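See structure below.
The values are calculated or read from the model by the stated rules, or taken from the named source; none is laboratory data. In this text, all values refer to a predicted model and were calculated from it rather than measured experimentally. Note: ideal-geometry Cβ built from the backbone for every residue, glycine included; neighbour counts use all protein chains shown.
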Amino acid sequence: MTAEFGLAALWFAATLAVLQIALSGLALRRGRDDVAAAMRPVAIVQGALVALAMAALIACFLASDMSVALVAANSHSAKPWLYKFAGAWGNHEGSMLLWVTILGLAGAAVAQFERRLPERTLIATLGAQAAIALGFYAFLLFASNPFARADPAPADGAGLNPLLQDPGLAFHPPTLYAGYVGLSVAFSFAVGALLTRDVGPVFARAMRPWVLGAWVFLTLGITAGSYWAYYELGWGGWWFWDPTENASLMPWLAATALLHSVSVLATRDGLRAWTIMLAVVAFSMSMIGTFLVRSGILTSVHAFAVDPTRGSFILALLVIYIGGALALFGARVGTVRQGNLFDPLSREGALVVNNLLLSVILGVVLIGTFYPIVAGAMGVQLSVGAPFFDKTVGPLALLLVAVMAAGPLMRWRRDEVGAVIERLQWPIAAALFASVGVFVLGGWIGVLPTAGIGLAAGLAVASVAPLAKRNLRRAPLTLWGMVVAHLGVAVSLAGMAASSAFTTERLAAVYVGDPVRVAGFTVTLDGVRPVIGDNWTALEARLSVREGEDAPFVLRPQVRYFTTPVTTTNESAIATLAGGQLYTVLGALGDDGRWQLRLWWKPFVTLIWLGGAMIAAGGALSIVGHQRRGWMKRRRRAEMEWYA
Amino acid sequence: MRKFVLALALIAAPVMAQRPPAALAYTQLPDPAQEAEARALMATLRCLVCQGQSIADSDADMAGDMRALVRQRIAGGERPDEVRQWLIARYGDYVTFDPPVGGTTWPLWVAPIVLLGLGMLVARASFRRR
C-alpha cells in the first residue's frame, strides 16, 4: 500500500505542477488577482506531496518491502537501519525522487517565505519552477518509477553497493542536492524577471539569500563528498577530477560567480544581464551534471544504472529548459539595461575579474569533462584527467585567489593604484615570507604548491584586513561572512598545497611484530583478527603507533567482505593529529606470511575540509546578516510610521 | 564461538581466491628519487579496468600490474616520459590522463586561452574608459 500511496502522491504533485503553470499564465496574461492568490498555496501543497512520495519510498526501504522492485534490487533485510533509510536514495530512481523532492520543496519555500519580490515576478518565478518540476515528474513517472512492484516478490534483496554503506550516504547526497537543485530557484527567478522585464537591485536583494543558501549546501555537500572519498577509497586522494566530481564543481563555480555578481547588482545596479545569465547557467550546470551522472554515459559509483532511454529523456529535458531559458534571454536581453559601468580599478572591477576567472575555470572544466565523451562518440578514445586540470585550472585558480585578496580591500566606484598597493603591503609581505619560508624549510616543491602556500598566506592576511581598526562587535555580520569565507579559501588552499607537497608514503610488507617507519612515526603490526559486523565480516589489523617518546596509540584498519553483493572494501584507519593525519590501510596477506600495509603521513590535510566548512559558515553568516538587516529596516520603518 | 567460526569461513574464501600481487605493485623503489618519479607518473595513468581512477589509487589487479611495470621501467633507468610513450603505443591515448597535444587534442589545450581571451573582451564591455 505504501508504494501505491507514494506513486499517487507523485501523480498528484505532477498534476499540481500543471495547475501551477496554468495559474501563472492566467495571472500574468489576464491580470487575475483571484488566480494569483492561489499560486502560493498550490506551490506549497505541490512541495508537500512530493515530500510525501519521498517519505513513502523511505518507508518501503525501512520495512524492507521486497515486493517493491527498487527495494529488492538495492536493499537487503540484514542491512543496518541507517543504510536502509539512506539507501532509499542510493540508487537511480530514489536519487531522482530526492532530486525532485528538493525541487518541489524549494518551490514551496519560495511560495512560503519570499516577500520582497514584486508580485508579478513572483508569479512568473513560481510558474517557471513548476515547469522545471513537471519535466522531472514526467521523467520519474514514465522512465524511472521508483514504486514499481516486483511480481513475484523475491525472498530478499540484492543489497546495496558496500562502498555506499557509510554514514556519508545519509549526509552527502541530501546536502549536495539541496545545493544543486536549490539553484533552480535562481534559475526560476531569472526566468521570472525576464518574463516581467523587472531586473534591478530589488530583484537582486530578493534573489541573494536563495543563491547563498543553495551555495552553502553545495559547498557542504562537495566538502563532505571529498572527505568521504578520501577515507573510503583507501588511497588518500581527496579530489580526482572525476566527471561526477566535476558535475558538482561546475554548478558551484557558477553559483560562486553568481553570488558575487548579485552583490554588485544589489549594491551598485550593475551587471544586470550578466547576473541573469549566470543564474540561468548555474542551474543549467546542475541539470547537465544530472544528465552526466544519471544518463548512463559514465560508469562510476554515482551512476547506478545504465539505460539509454533515460539518457535521451534527460537530454530532451536539458534541451527544452536550457534552450528555452537561453532563447528567452536572447529575446529579452535587449530590454534589460546594461546598468552602471565601472572603473576597472574598483571593488566592482575586481568582482568583474572574479566573475571572468570563475567563468573561464567553469568553461575549462566543462570542456575537459565533455571532451573525452564527445571524442569517444566520434571514435577517438582519450582521457582527460588531473594533469590537464592541474595545468589549466591551477594557474587560473591561483590568479583568482590573488584577485580575491585584493578585491575586498578596494573601494567601490574608484580607487588609486598607490593606495591599493599600500593597503596590500602586509598581504604581499606575508605571501613572500611564506613562499620563501617554505622553500628554505622544505626545499623546492614545484611552482603550484609554492605559489599556493604563498597566496594562501597572503589571502589569509588580506581577508581579515577589512576587520582591522574596526570595532569587532559592531562590524556587520555580512562583513564577518565574507571574512570567514575568504579565510576558509586560504585555509583550504594551504591544506591542498601542503598535503600535496609534503605527504610521505610508505608501502610495506610486514610480519606481525615488525615495526615500519613513516615520517616521524613507528607503526607496529600487533596482529590481525577477524571481526564480524551486521552484514559483513572483516580482517582487522591492530597497529600501534608511536611518535618519538609519546605513549603509543592504536589504529585498526579493516578489509571488509560483503556477501550481498560480493564486494571487498578497505576501511582505512585515520589518526587526526595536530599537524595532519596518519592514514593507514591494511592490504592482502602474501604467500610468505607478510601483510601489506599502506601508510601515509599527510601534513595539514585536515585544513582542506576545515576550509570548506569555513566557506559554508561564511555563507551562512552572510544570509543571517542580510536577513537581519532587512528585518531591522522594516522595524525602523514601522516605528517611524507609528510616530507619524 | 560459532560466530567466530563463521567469520573465519567467510574470510578464508576471498583471501584464498586472491592471486598474489606482482612484486612492486605494493612495494616502493629503494631510491626515493626514482620512487617519486614513478609515483608522479602513476598518478597520470589511467587504470584501464576501473571507473576513471588512476593506477596510483586503485586496488584492481590490473592497476597493480601497471604500477609494477612503471616501477620496473623507472628502476631500469627509463625516463617517465619514455614509459608513458611506451604505454601509449601499447594501449592508445586512453591510458594517459594527460592527453598529448596532437591532431585530436589541440582544441582541448587551446580552449583555456581562447576562453580567457573571450572573457576579457566581455569584461571590458562593463568597464568605463578612464
Fill in: Qualifying residue in the range A:535-546 (condition: touching a residue at least 24 places away in the same chain (Cβ under 8 Å), under 22 Å from A:Asn161 (Cα atoms), loosely packed, with under 14 Cβ neighbours inside 10 Å and within 13 Å of another protein chain (Cβ to nearest Cβ))
no
Selection over the range A:593-637 where residues are at pLDDT 90 or above, closer than 28 Å to A:Gly179 by Cα and of a type in the set (Phe, Trp, Tyr) yields a count of 2
Check whether at least one residue in the range A:365-379 is outside any helix (DSSP H, G or I), modelled with pLDDT under 95 and within 12 Å of another protein chain (Cβ to nearest Cβ), and report yes or no.
yes
Scanning the range A:503-534 residue by residue, those within 14 Å of another protein chain (Cβ to nearest Cβ) and within 36 Å of the chain's Cα centre (by Cα) turn out to be A:Thr503, A:Thr504, A:Glu505, A:Arg506, A:Leu507, A:Val518, A:Ala519, A:Val531, A:Ile532, A:Gly533, A:Asp534
Can we say A:Trp595 is in contact (Cβ under 8 Å) with a residue 60 or more places away in the chain, of a type in the set (Phe, Trp, Tyr), within 22 Å of A:Leu220 (Cβ to Cβ) and surrounded by 13 or more Cβ atoms within 10 Å (Cβ to Cβ)?
no
If we keep only residues of the range B:30-52 that are within 7 Å of another protein chain (Cβ to nearest Cβ) and farther than 16 Å from A:Ser500 by Cα, then the residue surrounded by the fewest Cβ atoms within 10 Å (Cβ to Cβ) is B:Gln51
When A:Phe147 is run through (1) modelled with pLDDT of 95 or more; (2) more than 23 Å from A:Trp11 (Cβ to Cβ); (3) assigned to a loop (DSSP other than H, G, I, E, B), the failure sits at (2)
Residue set A:Ala9, A:Ala106, A:Ala111; condition under 19 Å from A:Tyr137 (Cα atoms), in contact (Cβ under 8 Å) with a residue 60 or more places away in the chain and not polar (S, T, N, Q); output residue A:Ala106
Of the residues in the range B:96-123 that are surrounded by 13 or more Cβ atoms within 10 Å (Cβ to Cβ), hydrophobic (A, V, I, L, M, F, W, C) and more than 7 Å from chain A (Cβ to nearest Cβ), the one that is nearest to the chain's Cα centre (by Cα) is B:Trp109
Residue set A:Glu232, A:Glu245; condition under 23 Å from A:Ser500 (Cβ atoms) and free of Cβ contacts under 8 Å to residues at least 40 places away in the same chain; output residue A:Glu245
Of (1) among the polar types (S, T, N, Q); (2) buried (at least 24 other Cβ atoms within 10 Å of the Cβ); (3) out of contact with any Phe, Trp or Tyr (no Cβ under 7 Å at 6 or more places or on another chain), A:Thr196 fails just (2)
Worksheet entry | Flag if A:Gln338 is among the polar types (S, T, N, Q), under 29 Å from B:Gln53 (Cα atoms) and modelled with pLDDT under 95 | no
